[in-house]
1. Work out from phi, with θ = phi - 60° and the Karplus expression 6.51 cos²θ - 1.76 cosθ + 1.60, the ³J(HN,Hα) of each residue of segment 39-54, listed in order in whole Hz, and give x for Gly and Pro.
2. Going by a ≥ b ≥ c, the root eigenvalues of the Cα gyration tensor, does segment 1-59 fall in the rounded group (a/c under 1.5), the prolate group (a/b larger than b/c) or the oblate group?
3. Using a basic spin-label model with each label point 7 Å from the Cα along Cα→Cβ, how many nm lie between ARG53 and ILE4?
4. Gain in length, VAL17 to GLU63, computed as 0.36 nm per residue apart minus the alpha-carbon separation, to one decimal in nm?
Amino acid sequence: MKQIEVVAAIIRKGDKVFATQRGYGEWKDWWEFPGGKMEAGETPEVALKREIREELSAEISVEPYISTSMRPPAGSPEKSSTACGGCRRTCN
């Protein structure tokens, strides 16, 4: 089974957590943490910074790694998610 490596940021401010709502595709209108697929040769930290810069036009610092998940949704290819927590986001 094909493995797709993705990263997601958990961006917090106090007791609030930032999530984005998908605007397209099969999961349109579902909520998710911002992030995306890792490119060949990228570390999770580099991929996460790139994805946040592309999606949110923001620069972040990546703090402690949280976990890797290998639980694919029903009917989806197997996915591995890397989440980094406690990111500090600086908007441009």
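1. Here the 3J(HN,Hα) series is 8, 3, x, 7, 7, x, 5, 5, 4, 5, 4, 5, 4, 5, 4, 5 Hz.
2. Oblate, because a/c is 1.5 or more while a/b does not exceed b/c.
3. The modelled label-to-label distance comes out at 2.3 nm.
4. 15.0 nm
Values quoted throughout were computed directly from the atomic coordinates according to the rules given, and no laboratory measurement underlies them. No experiment lies behind these values; they were computed from the predicted model shown. Note: ideal-geometry Cβ built from the backbone for every residue, glycine included; neighbour counts use all protein chains shown.
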